[in-house]
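S.K.: I'd like to ask some things about the structure below.
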Amino acid sequence: MNPEFNKIADMVTLDLLRRYLRAHGWELANSSLRRGDALNIKVSEDVKAFFQRRSAGKRNVDVYVLSEPGSDDIELVIPHDNTASDYDRRLQGAIETLSQVEDKEPSQIITAVRSFGFDVVQSRIPNDLVVNNTIHLESAKNYISGMKDLLAVTATTEIRPLAFFGRMNKDAVAYSDRCRFGHTYRGSFGFTIESPVIPNTEETLFGIDPFPPFERRVIQRLAIGIQQVCEAVKVDDLKPLVQGFRTGFGANGCERFATLIHGTAYSGMSFAFSFSPEWSTPDRLAQTAEFFVGPKHVDVARAAAQVLRGELLEIPKDVYGLVVRLQNEADPSDLTPPTGEGEISVLYASEDYGEIHLRITLSPPEYLKAVEAHRLGRPIRLSGTLVHKGRYWYLLNPSSLTIPYQTELDLE
């Protein structure tokens, strides 16, 4: 047996092979053959005889046919499942046939078939960190843990595209657990991460591609996030990252990306993406071969994370939400002191940051309005400057506090 096929069953599954064949115009013929129906697909007499002389319990192969204008139909026989004694031989035969049909090396066919099941992220580190094709275990450990965290936070942002979040989504963590660590490759030492994607069983209608699955959207967001980091460095401006968090990295992604690079290869490394051909790829990613990042990208990512968390911003905002906490240092039985202030907390649903608790300091008259709103269970509306300091959000210089009535809330 050719050495290339020694582990073919480990590299190519029947599911991936069937997906590959469907995408390349091969049609399954044996359902009609088994019933004895007249076929739109022409198959040889040998194949028909093969099915006719086998009982239902022994039909352990599937027949695919490729019909192309101007040439004879091509038949491909593959195992029906992996329990047959000749499973490896038939799988090898299928790869050899595809190799001849497509005029490619068998190894290229194997790679192409595998690509249907995964989106692939390849990362390279520079030669100065590689000795005899090896790297320090610390760098490898930092890469694996850092990439897993980066995938999980990117998936969390995909589920809810906020500028930052407090806790990773459990479904996002489960997705990162499903990703696989592939073979390392030589040439500046590389890591391979494989993200599984489901089959594309939907048809393209009116020229519109089907909406990609969650796993594909996460890897697209990861690639776009890294692309935005590179753009920010190139133009020496944080805007591509800060304004692009809805399609790329939020603050959490920027922080995890910076930690990944710093812990694995601070002097520089690269990222390349290979997307499963079953799903379309955004134009902005279709032409990009590889992203190179280094110390400057780490600094830019960390600076963008601070801005995305609001730590360097003062944002004018009109705020609307329920009063969820009241605090007054004065005598709580006397709410009309001539001096002194009270603090309230408002649950505010921010488009960029999700649900946050805003700490707001009010004058005595405004504090009385907030107390009344809290008593009635009604939201309040006011204006001010949104600021994030440490663990807390504040609304500074609050003004124009009102308690909207039912007609103003558009409630029935």
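S.K.: Just round it to a whole percent: the fraction of Cα-Cα distances in region 226-270 exceeding 14 Å.
M.R.: 50 percent
S.K.: Applying 1/(1 + (r/R0)^6) with R0 = 25 Å to the Cβ-Cβ distance of His24 and Ala289, what FRET efficiency is obtained, to the nearest 0.05?
M.R.: According to the calculation, E is roughly 0.55.
S.K.: Still on this structure, I have one more. According to a simple spin-label model (label point 7 Å from Cα along Cα-to-Cβ), what is the distance in nm between Glu231 and Asn397?
M.R.: So the two model labels end up 3.2 nm from each other.
S.K.: Further question: Once ligands and nucleic acids are excluded and a 1.4 Å probe is used, how much of Val131 is accessible, expressed in Å² to the nearest 10?
M.R.: Spelled out: Val131, probe radius 1.4 Å, area about 90 Å².
S.K.: Go ahead and run the numbers for FRET between Asn132 and Phe181, Cβ-Cβ distance against an R0 of 22 Å, rounding to 0.05.
M.R.: 0.55
S.K.: How large is the convex hull of the C-alpha atoms of region 244-390 per residue, in Å³?
M.R.: 161 Å³
S.K.: Give me the number: length gained by fully extending Tyr405 to Ala84, i.e. 0.36 nm times residue separation minus the C-alpha to C-alpha distance, one decimal in nm. It would help to have the intermediate numbers written out before the result.
M.R.: Working: separation 321, 0.36 × 321 = 115.56 nm, distance 7.31 nm.
Length difference between fully extended and current span is 108.2 nm.
S.K.: Just tell me which aspartates and glutamates come within less than 16 Å, Cα to Cα, of Lys317; anything on the same chain fewer than 8 places away is out.
M.R.: Glu351, Asp352, Glu355
S.K.: For region 81-216, what is the per residue volume of the convex hull drawn over the alpha-carbon atoms, in cubic angstrom?
M.R.: Residue-normalised Cα hull volume stands at 213 Å³.
S.K.: Report Glu102's accessible area, 1.4 Å probe, all protein chains in place, as a number in Å² to the nearest 10.
M.R.: We get 50 Å² for Glu102.
S.K.: If a/c stays under 1.5 just call it rounded; otherwise compare a/b with b/c (prolate if a/b is bigger, oblate if not). Do that for region 102-158, with a ≥ b ≥ c from the square roots of the Cα gyration tensor eigenvalues.
M.R.: It is oblate, given that a/c is not under 1.5 and a/b is not larger than b/c.
S.K.: Which three numbers, in whole Å and largest first, are the semi-axes of the equivalent ellipsoid of region 170-323 derived from its Cα gyration tensor as √(5λ)?
M.R.: Equivalent ellipsoid semi-axes, largest first: 27, 23, 16 Å.
S.K.: Shifting gears a bit: Mind checking which aspartates and glutamates have their C-alpha under 12 Å from Lys239, skipping anything on the same chain fewer than 8 residues away?
M.R.: Straight-line reach from Lys239, under 12 Å: Glu231.
S.K.: Which whole-number value in Å² is the accessible area per residue of region 123-235, probe 1.4 Å?
M.R.: 53 Å²
S.K.: Kindly identify region 192-264 as rounded, prolate or oblate by the Cα gyration tensor criterion: order the square roots of the eigenvalues as a ≥ b ≥ c, call it rounded if a/c is under 1.5, otherwise compare a/b with b/c, prolate if a/b is larger, else oblate.
M.R.: oblate
S.K.: In Å², what does the accessible area per residue of region 237-297 work out to with a 1.4 Å probe? Don't skip to the answer; put the middle values down first.
M.R.: On the way: 2610 Å² over 61 residues.
Heavy-atom accessible area per residue stands at 43 Å².
S.K.: Ranked highest first by the average count of other Cβ atoms within 10 Å around their residues, in what order do 79-86, 14-21, 112-119, 160-167 fall?
M.R.: Top of the packing list down: 112-119, 14-21, 160-167, 79-86.
The values are calculated or read from the model by the stated rules, or taken from the named source; none is laboratory data. From a predicted model like this one, the values you see are computed outputs, not experimental measurements. Reconstructed Cβ throughout: ideal geometry from the backbone, glycine too, with neighbour counts over all protein chains shown. Ligands, DNA and RNA are excluded from the accessible area calculation, which covers all protein heavy atoms including side chains. Shrake-Rupley method; radii C 1.70, N 1.55, O 1.52, S 1.80 Å.
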